[in-house]
Amino acid sequence: MPFTSLHSTSTMQKINRLPLSAKAARQLAELTLRVTSADNPKAEAQRLWIGLARGIRGEIQKILAQMSTGLERCMYCEDSQGTDIEHFRPKSTHPDQTFIWANYLLACARCNSNYKRTRFPLDIEGNPLLIDPTIDDPVDHLLLTPTTGIYIALDDKGTTTIEICGLNRDVCARGRVHTWTTMECLIPLYSTALSKGRLKQAEKIMDVLREHPFQSVRSRMSRIFQESADPALLLSEDVINAFKEHPDLL
Ligand SMILES: [Zn+2]
């Protein structure tokens, strides 16, 4: 098979955090020390963040883009291009987390500035009530409904994440339904292209499948195929056959 195998993922998307360069990691550690030893950590964090050197900012952005799914999509909505370095723990309330690599996600301006903003709810034990896709597996908290594109919350963390990040906003729900239709068409086409020896076409189809927005739709299809007692309730016969013949689609 000439194509790289696809990693199987989950709803919203579990994301593997990649390492920063040693130089950037050292710079962040120095900045954190300056914040935590300042008289006014919040003001110092804001000031240093605004002045963050272009080089290190660029590296952070680049690695976050590599980590995200599809074509550099936002780690919350998976729809728009991730343009902002998002602080999972807001720098206004957690200044000591302003320069912590593990606190960075990639988000679109809409998710970052219109939805999540500086909100960061905690449960009674002080744990975040928001999904961090680099730590939590979103599939434990959210279930995607194929026919409506709506997420159903499986627990409090799911409920809060849907609300805070606006994951069920109409444009995203409809986008997921359209993505489902697109993938339902493309997955059997991939199988057909390979069976007819059209390798170039198969490769192009695989690129679309891998880089399409709303990658959670594709992983939901994989999971239905792999885990459901009766996949035919939600997947067409053509999709099921393509998955059976080409596990690289999963
Ligand atoms: Zn977004």
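The values are calculated or read from the model by the stated rules, or taken from the named source; none is laboratory data. All values reported here derive from a predicted model rather than from experimental measurement. When we count neighbours, we look across all protein chains shown, and the Cβ atoms used for this are built from the backbone with ideal geometry, even at glycine. Note: areas computed on protein heavy atoms with side chains; ligands, DNA, RNA excluded. Shrake-Rupley method; radii C 1.70, N 1.55, O 1.52, S 1.80 Å.
With the structure loaded, tell me whether Ser191 is in contact with a helix residue (DSSP H, G or I) (Cβ under 8 Å, 6 or more places away or on another chain), part of a helix (DSSP H, G or I) and at pLDDT below 95 or whether it fails that test.
Numbers: in contact with a helix residue (DSSP H, G or I) (Cβ under 8 Å, 6 or more places away or on another chain): yes; part of a helix (DSSP H, G or I): yes; at pLDDT below 95: no.
No; evaluated as a whole, the condition is false for this residue.
Can you tell me how many residues within the stretch 59-93 are of a type in the set (Val, Ile, Thr) and either part of a helix (DSSP H, G or I) or touching a residue at least 60 places away in the same chain (Cβ under 8 Å) (or both)?
Narrowing the stretch 59-93 to residues of a type in the set (Val, Ile, Thr): 60, 63, 69, 83, 85, 93.
Subsequent filtering for residues that are either part of a helix (DSSP H, G or I) or touching a residue at least 60 places away in the same chain (Cβ under 8 Å) (or both) retains 60, 63, 69.
Of the residues in that region, 3 qualify.
I'm trying to understand the selection: among the residues of the stretch 115-142, which are in contact with a helix residue (DSSP H, G or I) (Cβ under 6 Å, 6 or more places away or on another chain), within 16 Å of the ligand (Cβ to nearest atom) and in a loop (DSSP other than H, G, I, E, B)? Give the steps one after another, and end with the answer.
Keep residues of the stretch 115-142 that are in contact with a helix residue (DSSP H, G or I) (Cβ under 6 Å, 6 or more places away or on another chain), which gives 115-116, 119, 121, 129-131, 141-142.
If we keep only those that are within 16 Å of the ligand (Cβ to nearest atom) too, we end up with 115-116, 119, 130-131, 142.
If the condition is that a residue be in contact with a helix residue (DSSP H, G or I) (Cβ under 6 Å, 6 or more places away or on another chain), within 16 Å of the ligand (Cβ to nearest atom) and in a loop (DSSP other than H, G, I, E, B), then Arg119, Leu130, Ile131 are the ones that fit.
I'd like the residue in the stretch 43-99 that is acidic (Asp, Glu) and closer than 17 Å to His212 by Cβ and, out of all such residues, is farthest from the ligand (Cβ to nearest atom). Outline the logic, then answer.
Keep residues of the stretch 43-99 that are acidic (Asp, Glu), which gives 44, 59, 72, 78-79, 84, 86, 96.
In the following step, the residues that additionally are closer than 17 Å to His212 by Cβ were identified as 72, 78-79.
Working: Glu72: 11, Glu78: 7, Asp79: 6 Å.
Within the stretch 43-99, the match that is farthest from the ligand (Cβ to nearest atom) is Glu72.
Of the conditions (1) away from the ligand (no atom under 16 Å from the Cβ); (2) farther than 18 Å from Ile135 by Cα; (3) part of a loop (DSSP other than H, G, I, E, B); (4) open to solvent by less than 60 Å² (accessible area, probe 1.4 Å), Asp39 clears all except one; give me its number.
(4) is the only condition that Asp39 fails.
Does Asp84 satisfy the condition of being under 22 Å from Gln46 (Cα atoms), of a type in the set (Asp, Glu) and open to solvent by 50 Å² or more (accessible area, probe 1.4 Å)?
Working: under 22 Å from Gln46 (Cα atoms): yes; of a type in the set (Asp, Glu): yes; open to solvent by 50 Å² or more (accessible area, probe 1.4 Å): no.
So Asp84 fails the test.
Tell me, please, whether a residue that is open to solvent by 60 Å² or more (accessible area, probe 1.4 Å), within 15 Å of the ligand (Cβ to nearest atom) and touching a helix residue (DSSP H, G or I) at 6+ places or on another chain (Cβ under 7 Å) can be found in the stretch 102-114.
Checked the stretch 102-114: no residue is open to solvent by 60 Å² or more (accessible area, probe 1.4 Å), within 15 Å of the ligand (Cβ to nearest atom) and touching a helix residue (DSSP H, G or I) at 6+ places or on another chain (Cβ under 7 Å).
A quick yes/no check of all residues on (1) at pLDDT 95 or above; (2) within 23 Å of the chain's Cα centre (by Cα):
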site	(1), (2)
Gln13	no, yes
Glu30	yes, no
Thr36	yes, no
Lys42	yes, no
Gln46	yes, no
Thr69	no, yes
Cys74	yes, yes
Phe88	yes, yes
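If you check Pro146 against the conditions, is it open to solvent by less than 50 Å² (accessible area, probe 1.4 Å), over 15 Å from Arg220 (Cβ atoms), more than 17 Å from the chain's Cα centre (by Cα) and outside the structural domain of Leu28 (by TED's automatic domain parsing)? Steps first, please.
Details: open to solvent by less than 50 Å² (accessible area, probe 1.4 Å): yes; over 15 Å from Arg220 (Cβ atoms): no; more than 17 Å from the chain's Cα centre (by Cα): yes; outside the structural domain of Leu28 (by TED's automatic domain parsing): yes.
When the stated conditions are applied, Pro146 does not pass them.
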